[in-house]
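Report on the structure given below.
The values are calculated or read from the model by the stated rules, or taken from the named source; none is laboratory data. Please read these numbers as outputs of a predicted model, since none were measured by experiment. No Cβ is skipped: glycine too gets one built from the backbone with ideal geometry, and neighbour counts run over all protein chains shown. For the accessible areas, the whole protein counts, side chains as well, though only heavy atoms, and no ligand, DNA or RNA atoms are used. Shrake-Rupley method; radii C 1.70, N 1.55, O 1.52, S 1.80 Å.
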Amino acid sequence: MISRSHKQALLSVLIATVLGGVVVADAAAQARSSDRGGERRSRGAAKAEVLYPEATRQEPNGKSSSKMNGKLQKLFAAYNKEEYEETRKLADEIIAAEGANEYDKAVANQLASQAAYNLDDNAAAKQYLQQAIALNQLDNNGHLQAMLMLAQLQLQDEQYAEGLANLDKYFAESKSQKPEELVIKGQALYQTEKYAEAIPVLKAAIAASPEPKDSWNQLLMASYAEAGQTGEAVKAAEALAARNPADKKAQLNLASMYMQADQMDKAAAVMDKLRTAGQLTEEREYKQLYSIYANTENKEKDVIAVINEGMSKGILKPDYQAYLALAQSYYYSDQIPQAIEAWQKAAPLSKDGETYLNLARVLHSEGRIPEAKQAARDAKAKGVKNPADADKIINLK
C-alpha cells in the first residue's frame, strides 16, 4: 500500500547533475579567446549545445579579462582533475581579485559551486550559485542550470519557498518542459501540501516522458488522494498496477486506494491474490487483509483463515487485535468453543477488563458458570466501565 507515511517523500528530490563538461568547456573556450581572436576559439572548442532554445533570457556577451586568463586556466585545470579543494581556493582568489571583471567572477562562482557540491558543502554551493546568478554574466546554459541546481539544493534543505520561487523563475526563463525537471516541482508542491497544484505539473511531466517512472505515477496517485480526488487516485492506481502486474508495491498501492474509496471487495480481491501467490511477507500486510475482511459482511471465515495462516507462518504476531478479530469471527460464524479460546487469549492482552467481561458473558450463555464468574472477577480486577455488569455474573447462584 502507499505507506501511510504519505508525508514522507515518495520520490527522492533529484539532486542537480553537476554542470557538464559542455558548459565548462564553453566557458573555458571563451576565456581562452578573449584576447586571441575568434579564429583561435573556433579551432579550440566546438560550439556548445544550446540547451534552452526557447529561453526568454537575453544572453549576455560576457568575456574574461586578460588579467584573469592565466588564473582561469588554472581553475579549469583543477576542476577537470577533480581537485575540488584546489578549485575552490583558486575560484575564491578570482572572486576577490581587483582585476577580475563580473564575467570572471561569475565563472569562478560557477565552478566553485560544483566543487563545493562535490565536497558535500551544500551551504557553500548555494552561496556560490546565488552569486553566479546575481552577476548575470553566464551564457544561458550555465545561468539557467545554476538556477535549477540552486532550486534543487534549496528544496533538499527544506527551503521550500525559496526553492519553488527559483523553480518558477527557471521555468519562466528557460521555457523547459523536461519531464524530470517538472517532477522536481511536482514533488516540492506535494511536500508543501499543495496537492491540487502538484497534480497538473505531475500530469504534464508524465505526459512529456516516453517512459515515465513508476515513482512519478505513485506521486500523482498520492496527490490525487491527498487532494480528495479519490476517483482519480483509484484510476491512477489501477493503471499503475495494470502496467506492473508482478510488482507487489503497485498491487498494495491499488488495494490501499480501493480501501480509501470504500471499495472493500476490490481491495480484498487484490490482497488475497497476493496472499495466494505467497507475496504477503510482512505483518502489516496480513493485518491489512484481515481488517478488510473484518469490515466486510459475511467474511468471518476469511478473517479466520488469514489470521491463522499468518500466525502459522510466524508473520502475524499473536497480539490482542489478532485474537480479538479471531474471537469475533469465530463467534459470528457459530464456532463458539473456538471463539471462547480466542477470547481467553485476547483478554489478558487487553488494556482494560472489557474483553474479560465479554468472555464472561459468552461463558455464561454457554452454561460454563464457574469459568464465567472467574472471567468476571478478572474483568473487575483489570477495570471495566460498569462494574455492576461484572457483579451480576459473579453473584450468579
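Does at least one position in segment 225-244 carry a residue that is touching a Lys or Arg at 6+ places or on another chain (Cβ under 9 Å) and small (Gly, Ala, Ser)? Looking for residues that are touching a Lys or Arg at 6+ places or on another chain (Cβ under 9 Å) and small (Gly, Ala, Ser), one finds none in segment 225-244, hence no. Taken residue by residue, segment 314-328 has at least one member that is more than 25 Å from Lys382 (Cβ to Cβ) and open to solvent by 30 Å² or more (accessible area, probe 1.4 Å). In summary, Gln177 fulfils each of the numbered conditions (1) polar (S, T, N, Q); (2) modelled with pLDDT of 95 or more; (3) open to solvent by 70 Å² or more (accessible area, probe 1.4 Å) with the single exception of condition (2).
Mind checking which residues of segment 190-245 are basic (Lys, Arg) and closer than 16 Å to Met257 by Cβ? Residues satisfying the conditions are Lys235, Arg243. Condition first: of a type in the set (D, E, K, R) and either open to solvent by less than 50 Å² (accessible area, probe 1.4 Å) or assigned to a helix (DSSP H, G or I) (or both). Now tell me which residues in segment 352-382 satisfy that. Once the filter is applied, which keeps residues that are of a type in the set (D, E, K, R) and either open to solvent by less than 50 Å² (accessible area, probe 1.4 Å) or assigned to a helix (DSSP H, G or I) (or both), segment 352-382 yields Asp352, Glu354, Arg361, Glu371, Lys373, Arg377, Asp378, Lys380, Lys382.
Hey, among Lys194, Lys213, which residue is closer than 29 Å to Leu240 by Cα, surrounded by fewer than 24 Cβ atoms within 10 Å (Cβ to Cβ) and modelled with pLDDT of 95 or more? If you could, list the steps in order and put the result at the bottom.
Details: Lys213 fails: modelled with pLDDT of 95 or more.
Within the list Lys194, Lys213, the selection yields Lys194.
Against the conditions (1) open to solvent by 70 Å² or more (accessible area, probe 1.4 Å); (2) of a type in the set (Ser, Thr, Tyr); (3) assigned to a loop (DSSP other than H, G, I, E, B), Tyr331 satisfies every one except (3).
Is at least one residue of segment 290-313 basic (Lys, Arg), part of a helix (DSSP H, G or I), at pLDDT 95 or above and buried (at least 17 other Cβ atoms within 10 Å of the Cβ)? There is no residue in segment 290-313 that is basic (Lys, Arg), part of a helix (DSSP H, G or I), at pLDDT 95 or above and buried (at least 17 other Cβ atoms within 10 Å of the Cβ). (1) free of Cβ contacts under 8 Å to residues at least 60 places away in the same chain; (2) in a helix (DSSP H, G or I); (3) small (Gly, Ala, Ser): which one isn't true of Ala246, the others all being true? Among (1) free of Cβ contacts under 8 Å to residues at least 60 places away in the same chain; (2) in a helix (DSSP H, G or I); (3) small (Gly, Ala, Ser), Ala246 violates only (2).
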